[in-house]
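The next block holds one structure in the form of structure tokens; read it before the comments.
The values are calculated or read from the model by the stated rules, or taken from the named source; none is laboratory data. Predicted model only: the values in this text are computed from it and were never measured. Don't worry about glycine lacking a Cβ; one is built from the backbone with ideal geometry, like all the others, and counts go over all protein chains shown. With ligands, DNA and RNA removed, areas are computed over all heavy atoms of the protein, side chains included. Shrake-Rupley method; radii C 1.70, N 1.55, O 1.52, S 1.80 Å.
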Amino acid sequence: MSESTRNADVLIIGGGLSGTMLAVQLLRLPGARRILVIEPRAELGRGEAYSAVELGHTLNGNAARMSVDPDNADDLTQWLTDYIGAGGWPESDQQHVPISELFPPRGIFGLYAQQRLAEAIALSTSTVEHIRAEAVDLQVDATSALLTLDKGEQLRGTCAVLATGMFPAARTPQTESTGLNAAALDPWDVQAMTQLDPHSTVLIIGSGLTMVDAVVSLEQAGHRGPIEVFSRHGLLPHVRRQPPSWEDFLAANHRLRSPRQLLREVRRQCRLALEQGIDWQAPLDTVRSHIARLWSQASEAHKRQFVRHVRPWWESHHHRSPPLSAQLVARLQREGRLRIRAASFKGLVPSDDGVAIAVRLRGEQGLTHISGAALINSSGIEYDWRRVARPLPQQLLKRGLIQPGPLALGIAADACGAVLNAHGQVSPRLFAMGPPLRGMWWESTAVTDVALQAKALAAKLTQN
Ligand SMILES: Cc1cc2nc3c(=O)[nH]c(=O)nc-3n(C[C@H](O)[C@H](O)[C@H](O)COP(=O)(O)OP(=O)(O)OC[C@H]3O[C@@H](n4cnc5c(N)ncnc54)[C@H](O)[C@@H]3O)c2cc1C
């Protein structure tokens with residue numbers, strides 16, 4: 001053991017929303033524990049999502065849906081009420097809706113998470129310390145977990161939790177080989193976009209919520225030229241509305257299992273709703289609470305079927321766009337400035353000026369070359385840790401401390417988040433939460449997923 005090794009009860013690797021909410025839940029439990037949160041960013045509670053600085057980069061759900069407290073669904077609404085009352089976010093009154101229906105900017109949501117952490121620290125007999133570093137290696141023995149940081153320091157904990165979030169696809173070797181990473185603009189970097197000729201053409205790969213954010217960024221930067229969007233299915237996220245409640249039809253029928261059966265029933269329920277003049281989002285929203293059960297019980301063949309055939313529609317119908325951003329995208333489409341085409345991205349092609357890409361448009365055999373002044377990559381997340389070119393995932397795989405999760409989505413763990421090693425043994429020392437558990441639960445990323453997992457995992461870690 002190095003002389004500089006520091007000891008703790010819990011080592012939390014990653015201080016985004018997951019790591020921070022786990023710290024909050026641990027602080028709220030009786031006892032006196034030493035918690036170290038290892039996070040290279042300057043602030044805890046933000047991660048990629050809540051480091052946003054633009055007011056237009058909002059949550060994709062309204063305040064009533066985004067509480068970080070599983071015991072109080074109104075927690076964010078209450079916090080926002082105080083925050084706005086104290087003069088914060090003055091622009092919110094332009095929306096003319098109750099506070100519970102506001103879609104807060106993600107940067108303000110980050111403040112909320114930070115404030116809940118500060119309050120929990122003030123009231124607790126446990127302590128939290130932010131260690132500003134990247135964890136690069138981990139060793140586990142019968143009694144402890146030994147973490148090595150990028151500057152060589154070592155931390156020893158009774159247990160360690162992987163709260164490392166999502167790894168962007170563009171940072172992985174596979175897409176690196178297309179040169180996409182080097183050529184692309186950051187979807188959230190408004191400042192960089194102000195350097196573009198405002199009338200130039202911008203190309204965007206991917207048509208999900210990151211694309212919607214990128215369009216907001218371009219608008220904010222004063223871009224007024226054409227935007228060409230390419231994605232495999234050419235599907236745009238639907239706009240989030242506030243549908244009324246609907247009978248939880250899956251609660252009454254646990255026999256529905258295969259993606260085909262489920263899809264048929266969901267469609268039937270949506271048709272029923274529409275016939276009654278009710279928004280189709282009402283029945284679809286009842287499905288959310290069954291996803292973890294349905295996914296974890298599904299056979300591998302059914303999981304594959306879902307990913308292959310249903311996923312694009314699930315993503316566009318379930319992961320919906322905040323209304324103001326959706327209105328902007330719709331307006332640009334109406335004005336003919338934004339066009340979405342179904343196409344697969346095949347790589348960059350040499351260009352003397354700006355960027356050029358090769359795509360295969362749906363229904364066409366050959367490749368089409370498209371040029372623009374800039375390219376934005378919003379093509380998503382790399383869930384397969386074997387392809388994540390960061391030291392910690394690679395070391396964990398090399399040491400046999402983890403194994404890929406179902407369909408190589410994230411890593412394998414038991415129902416409590418205890419990680420499975422390469423031999424399938426459940427670790428008593430190493431745990432995971434949030435996006436790394438994508439393969440275990442399918443939906444393991446959103447605010448509400450993370451908040452629930454944090455509470456359950458804190459209880460598990462303090463059981464003995
Ligand atoms: C742009 C964006 C917008 C989103 N918007 C919404 C939304 O509106 N609503 C919603 O419900 N969900 C949204 N999400 C989903 C979002 O991922 C979750 O809400 C939440 O941020 C997940 O938190 P996390 O801490 O698990 O992951 P992250 O936020 O990714 O944080 C993980 C942290 O771990 C750190 N880390 C990684 N590896 C190491 C290491 N080896 N050592 C030390 N630290 C490490 C990283 O620096 C990072 O800060 C959004 C996600 C993104 C990316």
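Rounded to the nearest 500, the 222 nm mean residue ellipticity of the chain from helices alone is -9000 deg cm²/dmol, with -39,500 (n - 2.57) taken per DSSP H run of at least 4 residues.
Other residues with beta-carbon under 11 Å from the beta-carbon of P70 carry, at +1 per Lys or Arg and -1 per Asp or Glu, a net charge of -3.
Amide H contacts for V239 (H built 1.01 Å from N in the peptide plane; partners 5 or more residues away or on another chain; cut-off under 5 Å): S321. Helix 323-334 axis versus longest C-alpha principal axis of the chain: approximately 30°, rounded to the nearest ten. In terms of its alpha-carbon gyration tensor, the chain comes out rounded; the largest-to-smallest axis ratio a/c stays below the 1.5 threshold.
May I ask you to derive the FRET efficiency for T143 and I121 from their Cβ-Cβ distance with R0 = 30 Å, giving the value to the nearest 0.05? Approximately 0.65, to the nearest 0.05.
Based on the Cβ-Cβ distance of V53 and D74, what FRET efficiency does E = 1/(1 + (r/R0)^6) give at R0 = 22 Å, to the nearest 0.05? Approximately 0.25, to the nearest 0.05. Nearest 10 degrees, 0 to 90: what angle lies between the long axis of helix 447-461 and the longest principal axis of the chain (Cα atoms)? Long axis of 447-461 versus the principal axis of the chain: about 10 degrees. Using a 1.4 Å probe over the heavy atoms of the protein chains, calculate the carbon and sulfur portion of the accessible area of segment 259-314 as a whole percent. Here carbon and sulfur together make up 52 percent of the probe-accessible area. Sort out for me the Cα centre separation of segment 390-408 from segment 134-160, rounded to whole Å. The two parts, judged by their Cα centres, are 15 Å apart.
If packing is taken as the average count of other Cβ atoms within 10 Å, what order do 185-197, 239-251 fall into, highest mean first?
185-197, 239-251
For G225, the residues whose amide H sits under 5 Å from its own are S200, ignoring neighbours fewer than 5 places away on the same chain, with H placed 1.01 Å from N. Rolling a 1.4 angstrom probe over the protein heavy atoms with all chains in place gives the chain an accessible area of 46 Å² per residue.
The angle between the Cα long axis of helix 106-123 and the main principal axis of the chain comes to about 10°, on a 0 to 90 degree scale. Within the shell defined by Cβ-Cβ distances under 12 Å, the residues around P323 carry a net charge of +2, with Lys and Arg each +1 and Asp and Glu each -1.
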